[in-house]
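Trainee: Structure below; questions to follow.
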Amino acid sequence: MTGFKPPLPLRAETPAAWAEAALADPAALLSDHAHNEKKAALNALNLSLHLAEIPRASVLLARLAEEELNHYRRVLEALMAFGWPLRPDGGNAYAKALHQQAAKGLLDRLLIAALIEARSCERLWLLERAGASHPELGSTAWLAFLLELERCEAGHALGYRSLAEERFGAEAATRLDWWLDREAEVIQSLPWRSAVH
């Protein structure tokens with residue numbers, strides 16, 4: 001994927017053609033992303049309860065949750081501006097498949113969060129490139145928002161990884177290596193749809 005370097009060394013690259021499939025139903029794409037932003041904010045706040053012994057963790061996770069909530073509001077506003085209703089949350093098979101393989105408690109929760117953010121960053125980058133010619137999402141303002149989302153997701157991925165390393169030391173790197181293979185297996189097994197994952 002020329003010109004893009006994910007914040008984590010993802011082991012399965014999403015083909016550029018994926019973005020065209022995701023953009024086929026922009027209302028579904030935005031609805032799904034709104035639900036994911038809300039869940040990401042709640043996850044960050046929940047994780048902060050388990051990292052109270054790390055002084056910077058509460059501040060980092062509060063800032064991260066604030067960014068996610070801001071994005072949630074802005075995606076909701078975009079849906080309203082386009083005249084599209086927020087569709088019901090259909091769930092996230094990708095996140096569910098990752099969590100089903102978790103066996104190491106907090107360490108796995110932090111690494112899964114890092115991987116989800118890294119994959120989101122990659123796919124938002126693809127949407128930004130494919131979206132330029134899209135009838136609804138091709139505006140300069142919307143493409144700038146996608147770029148902002150992409151950069152935030154990269155920062156979130158690195159933040160979660162650094163918290164895992166700070167709390168669990170060398171075990172975090174070993175476990176991340178294992179998770180990178182699992183994440184590649186999961187992302188390659190799922191059908192494309194109008195959603196980031």
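Trainee: Hey, which lysines would be in cross-link range of Lys38, C-alpha to C-alpha under 23 Å, not counting anything within fewer than 8 residues on its own chain?
Mentor: In chain and number order, the partners are Lys96.
Trainee: Further question: Angle check, please: helix 55-82 long axis (alpha carbons) against the longest principal axis of the chain (alpha carbons), in degrees 0 to 90, nearest 10.
Mentor: 10 degrees
Trainee: Turning to a different aspect of this structure: Assuming a ≥ b ≥ c are the square roots of the Cα gyration tensor eigenvalues, decide whether the chain counts as rounded (a/c under 1.5), prolate (otherwise, with a/b larger than b/c) or oblate.
Mentor: Values: a/c = 1.86, a/b = 1.46, b/c = 1.27.
The shape class here is prolate.
Trainee: Here's a follow-up. Nearest 500 deg cm²/dmol is fine: what mean residue ellipticity at 222 nm does the chain get from its DSSP H runs of n ≥ 4 alone, each adding -39,500 (n - 2.57), divided by its residue count? Kindly include the intermediate steps, with their values, before the conclusion.
Mentor: Numbers: 7 runs with 142 residues, N = 197.
The per-residue figure over the chain is -25000 deg cm²/dmol.
Trainee: Please give the net charge around Ala93, taking every other residue with its beta carbon less than 12 angstrom from that of Ala93, where Lys and Arg add +1 and Asp and Glu add -1.
Mentor: With Lys, Arg at +1 and Asp, Glu at -1, the net is +1.
Trainee: Related question: If you fit an axis through the alpha-carbon atoms of helix 26-49 and take the longest principal axis of the Cα set of the chain, what angle between them do you get, 0 to 90°, nearest 10?
Mentor: Around 20 degrees separate the two axes.
Trainee: Just read off the accessible area of Val196 with the full protein assembly in place, 1.4 Å probe, to the nearest 10 Å².
Mentor: Probe radius 1.4 Å; accessible area of Val196 about 0 Å².
Trainee: Once you order the gyration tensor axes a ≥ b ≥ c over the Cα atoms, which shape class does the stretch 149-195 get: rounded for a/c under 1.5, otherwise prolate or oblate by comparing a/b with b/c? The partial results should precede the final answer.
Mentor: Details: a/c = 4.45, a/b = 1.41, b/c = 3.17.
Taking the square roots of the gyration eigenvalues as a ≥ b ≥ c, the stretch 149-195 is oblate.
Trainee: Over the heavy atoms of His134, what accessible area does a 1.4 Å probe trace out, to the nearest 10 Å²?
Mentor: About 30 Å², ignoring ligands and nucleic acids.
Trainee: Let me know the shape class of the stretch 54-133, please: from the alpha-carbon gyration tensor, a ≥ b ≥ c as square roots of the eigenvalues, rounded when a/c is under 1.5, otherwise prolate if a/b is greater than b/c, or oblate. Mind dumping the intermediate values first?
Mentor: Numbers: a/c = 1.86, a/b = 1.51, b/c = 1.23.
Judged from the Cα gyration tensor, the stretch 54-133 comes out prolate (a/c at least 1.5, a/b above b/c).
Trainee: Here is a further query. Tell me which chymotrypsin sites (Phe, Trp or Tyr not before Pro) from the stretch 108-197 have a DSSP coil assignment and no more than 14 other beta carbons within 10 Å of their own.
Mentor: Working: sites: Trp125, Trp142, Phe145, Tyr160, Phe168, Trp178, Trp179, Trp192; in loops: Trp192.
Hits after loop and neighbour filter: Trp192.
Trainee: Let me ask another. Below 8 Å between Cα atoms, with a sequence gap of 6+, how large is the relative contact order for the stretch 1-147 in percent? Could the numbers behind the result be given before it?
Mentor: Details: 113 pairs, mean separation 46.2, N = 147.
Answer for the stretch 1-147 is 31 percent.
Trainee: Can you pull the accessible area of Ile187 for me, 1.4 Å probe, Å² to the nearest 10?
Mentor: Approximately 20 Å² for this residue.
Trainee: Measuring with a 1.4 Å probe in the full set of protein chains, what accessible area per residue, in whole Å², belongs to the stretch 27-106?
Mentor: Working: 4150 Å² over 80 residues.
In whole numbers, the stretch 27-106 has 52 Å² accessible per residue.
Trainee: Something else about it: Helix 170-189: angle to the longest alpha-carbon principal axis of the chain, degrees 0 to 90, nearest 10?
Mentor: Tilt of helix 170-189: around 30 degrees.
Trainee: How much net charge surrounds Glu153 when only other residues with a Cβ under 11 Å from its Cβ are counted (Lys, Arg +1; Asp, Glu -1)?
Mentor: Values: positive: Arg119, Arg123, Arg151; negative: Glu37, Glu67, Glu68, Glu117, Glu122, Glu148, Glu150.
Counting the neighbours of Glu153, the net charge comes to -4.
Trainee: Using Cα-Cα distances under 8 Å and only pairs 6 or more residues apart, what relative contact order does the stretch 1-79 have, in percent?
Mentor: Details: 49 pairs, mean separation 26.4, N = 79.
Across the stretch 1-79, relative contact order equals 33 percent.
The values are calculated or read from the model by the stated rules, or taken from the named source; none is laboratory data. Predicted, not measured: the structure shown is a model, and the values here were computed from it. Cβ atoms come from the backbone with ideal geometry, glycine included; neighbour counts cover every protein chain shown. Heads up: the accessible areas ignore ligands, DNA and RNA and are worked out on the full protein's heavy atoms, side chains in. Shrake-Rupley method; radii C 1.70, N 1.55, O 1.52, S 1.80 Å.
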